[in-house]
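Structure record follows, encoded as structure tokens.
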Amino acid sequence: MSTLLEVSGVSVSFDGFRAINNLTFQIGNAELRAVIGPNGAGKTTFMDIVTGKTRPDSGHISWGEKNLSLIGMSEARIAQAGIGRKFQKPTVFEDQTVQENLLMALRKDRGPLAVLFFRPSAADLERVAELAGEIGLTDSLLRVSGELSHGQKQWLEIGMLLAQEPRLLLVDEPAAGMTPAEREKTTAILVEAAKTRAVVVVEHDMEFVRRLNCKVTVLHEGAVLAEGSLDHVTKNQEVIDVYLGR
Amino acid sequence: MKTMLLTVLSALFLCHGGTAQAQTVQDILQSQRALIEQSSRRTIGPAIDAIADSGLAQMQSVLEAWQAKDMWQRLEDGFFFAAHKTADGSYELTDFESGAVIGTYPKDALAQIKPNSGIRAMIATALVRFQLSDPDMARRGEALDSIARNPEAGLLGPLRAAIPSEKDPTLLARKLRLERLMTMSYDTDTAARVAAITAMAGDLGVDFRATLNPILTTRIVVADAGVTPEGNIAATLVPGEAALSRDAAYALLVEADKAQPVLTPDARDAGLEAHIESGRIAGTPIAKLDTETARDAAYGALAAKGLVPLLVHPPDIDASLANHQFFSIYHEPSQQVTEAAEAALAKSQSRVVASQAIDLGLDALSLASIYFLAAIGLAITFGVMGVINMAHGEFIMMGAYTGYVVQQFVPNHTASILVAVPLAFAVTFAAGVALERLVIRWLYHRPLETLLATFGVSIALQQLAKNIFGTQARPLTAPSWLDGAWVINDVVSISYIRIAIFVLALMFMGLFVFIMKRTRLGLETRAVTQNPRMAAGMGINPDRVNMLTFGLGSGIAGIAGVAIGLFAKVTSEMGGDYIVQSFMTVVVGGVGNIWGTLAGALMIGGFQKGVEWLNPSNTLAAQTYMIVFIIIFIQFRPRGIIALRGRAAGD
Amino acid sequence: MNRSFIARNPSVLVFLALLALFTLVVSVLSEGFGIGLVSTSFVKTLGKTLCLCLIAVAMDLIWGYAGILSLGHFAFFGLGGYMIGMWLMYERTRQIVVSSLSEGVLPPTPEEIETGIAGQIFGVVGSADFPLIWAFADSLVIQLALVVLVPGILALVFGWLAFRSRVTGVYLSILTQAMTLGLSLYLFQNASGLRGNNGLSGLQNLPGVSAPQSVVSMWFFWASALALALGYLLVAWVVSGKFGSVIRGIRDNEARVRFLGYSVESYKLAVFTLTACLSGIAGALYYPQAGIINPAEVAPIASIYLAVWVAIGGRGRLYGAVIGAAFVSLVSSWFTGGQAPDINLGFYTIQWVDWWLILLGLSFVLVTLFAPSGMGGLVDLLMRGKKRGGNT
């Protein structure tokens, strides 16, 4: 399996505090990966670095077959290159309809002029409807997304990510605040998505991670502590000490 | 004293050639009788000189009487006396020589000598030499002032003579300095002049530079090519360079009858209009003369016929200029003196520039203090709490008006300021708390709306102040001990009020750091700022903390208002003058950090003064450039000079 | 496509119909073309109000839709006014100078005319030469282009600098305020080449037109109405599609839009520049009706009032901006013009000239606190109420 994203030797510090410390991380095409770690382990900062929000002090990030360096690229260009990100809190555009949200995310020319003259074709609307079906929001297509339930917003956001057709999906705590039924559905959506692209899930909830049934990376103090199957890492003494044992 | 003066004066006249013999006052006055009677400013000089140079001690009273229009002439013999009007309208005459009253005469037996103001001024100059040795120190000082105002060659001798007898060290120093300055201009000995100039080279005094400048004045002289004119040549000038424009050079040639005057367009057109023949000028129809070239051509045709003076063309001007040389020549004939003066002036100039730089630095510092004072309240409300308060400027205004109102009740300025400062704090603290409770509290997570709502408050407060206090500026008078300035030398000085503001700014800085780092309120404020939920969980009441912090920031704005009111006008619009600059200061410095605000104030103040220095006539331009500079600066440090990074920056 | 746009936005059609009706009524009542019930000066006031509505629409686009609270749009408005003012003043002065020079014996030369105009225009600031920026003042076409280009380029440069460094929120507001303050301070200088604090005057006179002001004022009124209609249509079209979705997304969650792959900066810059151009056009129509423009017009306070109008009218809905600008500016001039009757309370007489600003300031606070959707919100409420009523 070829490598899609390779993070090597990345460090970043804020006012002397080392949030990420010589982190190395790889993920291949069509791979599902869970990243776990205690608070302050640098999970969110790791995502910030990959998506271009935070610029690392040192290290390399290479992307895709052409080994494109992501450092110094704007968030928008990284997103266009095929990295999608879902935030911890559901962030959808609440005063716009589900359809508008999805249309905005649809993989199209993102330039202001092209967007200005864009009018959705029948194919676009069909694709939006299809996506809405995948995330279970077919009936809510014309509803203002602010009216959706918490779980529905999470799905809408995942739906928007899928509409972007990214090659790598970064998902931050997708199951937070969901009912058990909603979690199950979320798991299904993620596992399905990982069949065609790489998905990185940052999660606290061990049960959820177990259900994902994938390789796990444990972060601690900004570096990788252990990597392997969930059973493998949960047996690791260091992991138990810093995280699980508490 | 008088005898000493006498000896000194007579010694002086002996070395001047000694025309003085044993004469009486009346002898001398009679010898100048014709001139005195004529009483004309143009001719009176020798008479005054004769009297003053006579060496007679009584002459001071003669001159004083003359100057005061108290000198009368007895018609029967033409003798001069001091006259004093008696109660019955006749005049009592006093002899100048003895000081004895010689009798009373009716007015028609006498003629008053009426010197006009020009003559009186000349008498005053003559009197100076007597006053220089007057027993009264104040009069000696006045005499020095008078000489310094109108120095002239004749006064150098008396001044020198008055030096040895001077006991007062201050006056002695002044006399010595004046003597040296006058030596430079008036001494007959070139070596002495050069020595005096060289000795004072580099002096910063305005008087020194004012003495040198006339020595170095030049005139421009035209000479034919290859001829070097007489005189102390300062420089050879090339027409077209900065010192002498081509037009000015050509004008000099015209003046010296060495070239044809250039015709102005008006003169040319007048020439054309004078030769209209049946709708044509020199054969060209008038209607065709609607370009400059056409008019020149027509004029040329007229000139060729000899009807009008010739037109001077640019090549003619070039040729004339090339055939002549232009020199600037010192009025001062001695080259040694001018060289010494140039060198001394250059040395002074470079020291003046250095001093000006220091002065500018002090100016910038005091401007920075003002910005800091105006911004420090904002640094709290905006920087710490993240609340943008557009009414901040109006709180400054409120503080200033509080000071004004206090002065209406407490006439003593020192006491009134002491009352006004805490009162201004109290008033604006209350206003701030009210604003926070009524408006801002509801908008904590909508910063743009806070901006707008507080702007509404700002216009309402401004208009309210206008309704109460009117539109004209109200005075807020500083205590008299803040008047005046600390003068370091003729160039560097700083007014006490600016020093006071600087000290006040330092005090606020200290107060702020103390409150934030050492008090419960500071601790709680920082806690609430960083994590309101957790702070609330730990028993801190965030409502109370926000209220107090906002009140504190507003209160400080009030005190700043009193300080600003002391040197600026108190008007209802004064807040607006500071609000944008204050925000700039906070933003440029870096939000949430008092040291950043300080750095921002220093940078903006320094930059503004720097631009004003480069372009002193235009403070508006300085502000424009400052804003452009800030916009560009934000490019490189979007979070200000002292920036917080990472999660604390809160994006 | 256009039909579907209008169909999806019936409010646009309603607005345009109302505007057309209003224009017709004013025309019929005017002195210049109608029965003379509406005075020429009031026609000018109404025409100016339409221009203010146009800049309010632009403000609504940048603030209400894109979420950028610009406190500097009057800088663009003023620049538009200055650009057209330069031509008006130049051309009119030229005609005066030519006619006075023609009385001489010799026909005037171009140089004489130029010197004459320069002396007339710049005599007040102690200069007799044309500054470089007046190079195109003799060409109406170029100055008309500059009405759009100068504000547009200023907005492009300023916006590029500001957005590139991710200045957002209140920081950006303050920065735009600094921009307009800087511009007004610059214009106040005599050396600015635009007559310092004298500004440009006599702009109400159209060069070469002998029609009376009552007629000229109507021309400008119609032009203003047309500009407002076109501007409204353009902005409504811009916000109706995906572009509108994106900029509203930027308003609500900039980072999210960025992670969707949109270059937020380009969008902000595009909107900022477009609104600056619209403001320039509004200004170019406003100042010939006002007759004079001076640097005080671009002082920061003017732009803040613009924000007040849009906020009171209700941002995020274009008709709200129009209602706000028209209502507040007309009511303002009614109160401050001394037409409102004083209220005698017995112990104190409320003179509206003195108290209007206090009332405005406080009502602004109240609107911000309790009615964030402004007067436009009322319209929404009515419409929704009707719809609901129809449904049940």
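The values are calculated or read from the model by the stated rules, or taken from the named source; none is laboratory data. The shown structure was predicted, so the numbers you read here are calculated from the model rather than taken from an experiment. Ideal geometry is used to build each Cβ from the backbone, glycine not excepted, and the neighbour counts take in all protein chains shown.
The table that follows gives values for the structure above.
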{"quantity": "In region C:282-298, residue farthest from the other protein chains (Cβ to nearest Cβ) [restricted to those that are in contact with a strand residue (DSSP E or B) (Cβ under 6 Å, 6 or more places away or on another chain) and crowded, with 24+ Cβ neighbours inside 10 Å]", "calculated": "C:Tyr287"}
{"quantity": "Residue match in region B:555-573 (condition: surrounded by 16 or more Cβ atoms within 10 Å (Cβ to Cβ), under 39 Å from the mean Cα position of the chain (by Cα) and hydroxyl-bearing (Ser, Thr, Tyr))", "calculated": "yes"}
{"quantity": "Which listed residue is modelled with pLDDT under 90 and crowded, with 16+ Cβ neighbours inside 10 Å, from C:Gly196, C:Gly208", "calculated": "C:Gly196"}
{"quantity": "Helices (runs of 4 or more DSSP H) enclosed by region C:299-374 - at least 2 residues per element that are within 14 Å of chain B (Cβ to nearest Cβ) and aliphatic (A, V, I, L, M)", "calculated": "C:300-313, C:352-370"}
{"quantity": "Scope region A:194-208; condition buried (at least 19 other Cβ atoms within 10 Å of the Cβ) and of a type in the set (A, V, I, L, M); matching residues", "calculated": "A:Ala194, A:Ala198, A:Val199, A:Val200, A:Val201, A:Val202"}
{"quantity": "Top-ranked residue of region A:105-117 - restricted to ones that are part of a helix (DSSP H, G or I) and among the small types (Gly, Ala, Ser), ranked as farthest from the other protein chains (Cβ to nearest Cβ)", "calculated": "A:Ala114"}
{"quantity": "Top-ranked residue in region C:1-13 [being under 23 Å from the mean Cα position of the chain (by Cα) and in contact (Cβ under 8 Å) with a residue 40 or more places away in the chain; ranked as nearest to C:Val238 (Cα to Cα)]", "calculated": "C:Val12"}
{"quantity": "Per-region count, region B:604-618, residues within 9 Å of chain C (Cβ to nearest Cβ) and either part of a helix (DSSP H, G or I) or of a type in the set (Phe, Trp, Tyr) (or both)", "calculated": "0"}
{"quantity": "Check on B:Leu212, in contact (Cβ under 8 Å) with a residue 60 or more places away in the chain, away from every other protein chain (no Cβ under 13 Å), surrounded by fewer than 19 Cβ atoms within 10 Å (Cβ to Cβ) and under 39 Å from the mean Cα position of the chain (by Cα)", "calculated": "no"}
{"quantity": "Residue tally, condition surrounded by fewer than 23 Cβ atoms within 10 Å (Cβ to Cβ) and either free of Cβ contacts under 8 Å to residues at least 40 places away in the same chain or more than 9 Å from chain C (Cβ to nearest Cβ) (or both), over region A:87-99", "calculated": "5"}
{"quantity": "1 or more residues within 14 Å of chain B (Cβ to nearest Cβ): qualifying helices (runs of 4 or more DSSP H) within region C:164-281", "calculated": "C:169-188, C:242-252, C:254-259"}
{"quantity": "Complete set of residues in region B:476-485 that are among the polar types (S, T, N, Q) and outside any loop (DSSP other than H, G, I, E, B)", "calculated": "B:Ser480"}
{"quantity": "Exclusive hit being aliphatic (A, V, I, L, M) and touching a strand residue (DSSP E or B) at 6+ places or on another chain (Cβ under 6 Å), set B:Val586, B:Val570, B:Val628", "calculated": "B:Val570"}
{"quantity": "Hits in region C:70-127 (condition: more than 14 Å from chain B (Cβ to nearest Cβ) and outside any helix (DSSP H, G or I))", "calculated": "C:Ser127"}
{"quantity": "Residue, nearest to B:Val352 (Cα to Cα), within region B:221-238, restricted to residues that are out of contact with any helix residue (DSSP H, G or I) (no Cβ under 6 Å at 6 or more places or on another chain) and surrounded by 16 or more Cβ atoms within 10 Å (Cβ to Cβ)", "calculated": "B:Ala234"}
{"quantity": "Every pair of residues 6+ apart whose Cβ atoms lie under 9 Å, when the first sits in region B:298-317 and is surrounded by fewer than 16 Cβ atoms within 10 Å (Cβ to Cβ) while the second is among the polar types (S, T, N, Q) and at pLDDT below 85", "calculated": "B:Pro309/B:Gln260; B:Leu310/B:Gln260; B:Asp316/B:Gln260"}
{"quantity": "Condition check for B:Thr104: of a type in the set (S, T, N, Q) and in a strand (DSSP E or B)", "calculated": "yes"}
{"quantity": "Selected residue (criterion: nearest to the other protein chains (Cβ to nearest Cβ)) from residues of region B:249-306 that are of a type in the set (Val, Ile, Thr), over 43 Å from the mean Cα position of the chain (by Cα) and assigned to a helix (DSSP H, G or I)", "calculated": "B:Ile286"}
{"quantity": "Helices (runs of 4 or more DSSP H) completely within region B:486-592 that count 2 or more residues being touching a residue at least 24 places away in the same chain (Cβ under 8 Å)", "calculated": "B:496-518, B:520-530, B:542-567, B:574-589"}
{"quantity": "Residues being under 15 Å from B:Thr211 (Cα atoms) and assigned to a loop (DSSP other than H, G, I, E, B) - total across region B:120-165", "calculated": "3"}
{"quantity": "Count of residues meeting criterion [within 35 Å of the chain's Cα centre (by Cα) and at pLDDT below 75] in region B:621-651", "calculated": "0"}
{"quantity": "Residues within region C:274-293 that are among the hydrophobic types (A, V, I, L, M, F, W, C) and farther than 29 Å from C:Ile247 by Cα, tallied", "calculated": "3"}
{"quantity": "Among residues of region B:137-165, those that are modelled with pLDDT under 80, of a type in the set (D, E, K, R) and either over 30 Å from the mean Cα position of the chain (by Cα) or surrounded by 15 or more Cβ atoms within 10 Å (Cβ to Cβ) (or both), counted", "calculated": "0"}
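Yes or no, residue by residue, for (1) in contact with an Asp or Glu (Cβ under 9 Å, 6 or more places away or on another chain); (2) among the aliphatic types (A, V, I, L, M):
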residue	(1), (2)
C:Phe5	no, no
C:Ser11	no, no
C:Val14	no, yes
C:Leu18	no, yes
C:Leu24	no, yes
C:Leu29	no, yes
C:Gly36	no, no
C:Thr40	yes, no
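Here's the yes/no breakdown for (1) more than 14 Å from chain B (Cβ to nearest Cβ); (2) outside any loop (DSSP other than H, G, I, E, B); (3) more than 19 Å from the chain's Cα centre (by Cα):
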| site | (1), (2), (3) |
| --- | --- |
| A:Glu6 | yes, yes, no |
| A:Val12 | no, yes, yes |
| A:Phe25 | yes, yes, no |
| A:Thr54 | no, no, no |
| A:Arg77 | yes, yes, no |
| A:Leu103 | yes, yes, yes |
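Quick grid of which residues meet (1) outside any helix (DSSP H, G or I); (2) surrounded by fewer than 21 Cβ atoms within 10 Å (Cβ to Cβ):
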{"site": "B:Lys167", "(1), (2)": "yes, yes"}
{"site": "B:Lys175", "(1), (2)": "no, no"}
{"site": "B:Met182", "(1), (2)": "no, no"}
{"site": "B:Ala199", "(1), (2)": "no, yes"}
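One line per residue, one yes/no per condition, for (1) in contact (Cβ under 8 Å) with a residue 60 or more places away in the chain; (2) farther than 24 Å from B:Ile44 by Cβ; (3) in contact with a Ser or Thr (Cβ under 6 Å, 6 or more places away or on another chain):
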| site | (1), (2), (3) |
| --- | --- |
| B:Glu97 | yes, no, yes |
| B:Leu110 | no, no, no |
| B:Arg120 | no, no, no |
| B:Ala124 | no, no, no |
| B:Ser146 | no, no, no |
| B:Glu152 | no, no, no |
| B:Asp189 | no, yes, no |
